[in-house]
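Chemist: Here it is, the structure, as structure tokens.
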Amino acid sequence: MKQQRILLIIGGGIAAYKCLDLIRRLREAGASVRAVMTRAATEFVTPLSVGALTSERVFTDLFSLNDEQEIGHIRLSREADLLIVAPATADLIAKMAGGHADDLASTVLMATDKPVLLAPAMNPRMWLNPATQRNVAQLRADGVHFVGPNTGEMAERDEAGPGRLVEVPEIIDAANKILAGRRGSPLARVGARPLAGRHVLVTSGPTHEPIDPVRYIANRSSGKQGHAIARAAAALGARVTLVTGPVSLADPPSVDVVRVETAEQMLHAVQAALPAGIAAFAAAVADWRTASAPREKIKKSGAKPSLELVENPDILATVGKSRSGRPTLVIGFAAETENVTSEAAKKRKAKGADWIVANDVSPSRGVFGGDGNTVHLVTADGIEDWPTLSKDEVARRLMLRAAEFLRHSAAAAE
Ligand code: C5P
């Protein structure tokens, strides 16, 4: 079966170091990778490290006449199934949009007849500059594919906004989409299942806390985001246990579903489902339950009832702070109506979570029950603002990031 051949063009930017990981991942997925580096790129990563990972010689502007005879730039660009430009700098994008060919990278890009995928990375002001936006629109119109940039903090500490290079799995995912349809793509088989062999535990939906046999305390959670996470994790190859409160959603395919009603039942089901590599607590667990619920329905004709409430166990905090059997990655959610990210950052520490997915659930946002979501990912490294996405896309990105986190923590442990 023919391998996918990737020609990776590395632009000069601080994010160029991520290319090393990208090359490794592409090769793990069965692709062969040949790299072209701009002169500026060689200031950020060395051709030696790139060559060690590609196991091929690296082409730079020092490309000599001899090389040109051996393998011309036309062949270089044609002997690939896909060209990936990462990081795609403002300058490379401008050259492409203008049709310039004054160095090896731009010449190869001009000469190719293969699909091209750009992963931009630059300062937010450079990305938002009308010239860059014009060039991007031109390239899109020319049929060039884009992935990202993401929004978040930049290498320059006090800068934030759109311009971050997307994560490596997102590049692989975008490459897969372009290459899709080519049967037997090794990329499609391996790269698309980064959670294979992992157990992912997800909580979803509201809980119902009984007042009497017919009445209960509930909340407006639809379970859509939690169910989407379970579905995304399964699609990325994980074994998934979904512990869900009462919802009116279909069970996600290929997922073990455990149905519960109360917070206490949810906690027990979660503990029974551990161990897991990733636990995502998306359920809207009731903070309180009634101290006791009578066996008989409370009569309207009797004395006006008063409810005594007691606090429910905090499932996220219980698992996040547990000493043994704690999942490698514990993800909590924070639905806030004000000071969204600062409250989420506090919650991350207080509950022992690694990440908090924070969102604004003011009624005007329509998050509860809706299909869209605008979230901020709060991690130990800072806060990332994600664009408004469907709940499915939030789930997919989150699980791709989670796969990356596990891979890095496994590498660190080795
Ligand atoms: O404190 P708050 O309810 O805003 O925290 C939200 C996060 O904590 C969510 O991830 C939710 O699933 C989790 N949680 C929990 N058990 C509770 C309350 C919240 O797991 N009793």
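The values are calculated or read from the model by the stated rules, or taken from the named source; none is laboratory data. Note that the coordinates shown come from a computational prediction; the quantities given were computed from them, not determined experimentally. As a convention, Cβ positions derive from the backbone with ideal geometry for all residues, glycine included, and neighbour counts pool all protein chains shown. We work out accessible area using only protein heavy atoms, side chains counted, and drop any ligands, DNA or RNA first. Shrake-Rupley method; radii C 1.70, N 1.55, O 1.52, S 1.80 Å.
Chemist: Sort 215-226, 43-54 by packing, meaning the average of other beta carbons within 10 Å per residue, with the highest value first.
Modeler: On the way: 215-226: 20.7, 43-54: 16.6.
Ranking, from highest mean packing down: 215-226, 43-54.
Chemist: Take the chain, connect every pair of alpha-carbon atoms lying under 10 Å apart with a spring to form a Gaussian network, then pick out the residue of Leu83, Leu26, Leu309 with the largest mean-square fluctuation.
Modeler: In the Gaussian network model the winner is Leu309.
Chemist: Solvent-accessible area of Asp91, probe 1.4 Å, all protein chains present, reported in Å² to the nearest ten, please.
Modeler: The accessible area of Asp91 comes to roughly 90 Å².
Chemist: Something else: Need the C-alpha centroid separation for the range 238-272 versus the range 100-147, integer Å.
Modeler: Between the Cα centre of the range 238-272 and that of the range 100-147, the gap is 45 Å.
Chemist: Can you tell me the Rg and Dmax of the chain, counting just the alpha carbons, in angstroms?
Modeler: 24.9, 98
Chemist: Shifting gears a bit: Can you work out the FRET efficiency for the pair Ser390 and Val310, with r the C-beta to C-beta distance and R0 = 41 Å, to the nearest 0.05? Provide the component values of the computation, followed by the final result.
Modeler: On the way: r = 38 Å, r/R0 = 0.92.
Once rounded, the FRET efficiency stands at 0.65.
Chemist: Between Met110 and Asp61, what is the spin-label point distance in nm, taking each point 7 Å from the Cα along the Cα→C-beta axis?
Modeler: 1.5
Chemist: Among 159-172, 135-148, 3-16, what's the highest-first ranking by average C-beta atoms within 10 angstrom per residue?
Modeler: Per-residue mean Cβ counts within 10 Å order the peptides as 3-16, 159-172, 135-148.
Chemist: Regarding the range 5-190, what are the three Cα extents along the principal axes, ordered largest first, in Å?
Modeler: 45, 38, 33 Å, listed from the longest principal axis down.
Chemist: For every helix of n ≥ 4 consecutive DSSP H residues, a contribution of -39,500 (n - 2.57) applies; sum these over the chain, divide by its total residues, and give [θ] at 222 nm rounded to the nearest 500 deg cm²/dmol.
Modeler: Working: 15 runs with 145 residues, N = 414.
So the helix-based figure for the chain works out to -10000 deg cm²/dmol.
Chemist: Any idea what the relative contact order of the chain is, in percent, if you count C-alpha pairs under 8 Å spaced at least 6 apart?
Modeler: RCO, the chain: 12 percent.
Chemist: Report the full-extension gain for the segment Leu274 to Ala137: residue separation times 0.36 nm, less the Cα-Cα distance, to one decimal in nm.
Modeler: Gain on extension, Leu274 to Ala137, equals 44.6 nm.
Chemist: By how many nm would the segment from Gln3 to Ile298 lengthen if fully extended, with 0.36 nm per residue of separation less the alpha-carbon distance? It would help to have the intermediate numbers written out before the result.
Modeler: On the way: separation 295, 0.36 × 295 = 106.20 nm, distance 6.93 nm.
Using 0.36 nm per residue and subtracting the Cα-Cα distance, I get 99.3 nm.
Chemist: If you don't mind, there's one more thing I want to ask. Beta carbons within 10 angstrom, averaged per residue: use that to sort the peptides 95-101, 343-349, 328-334, highest first.
Modeler: Output ranking for 95-101, 343-349, 328-334: 328-334, 343-349, 95-101.
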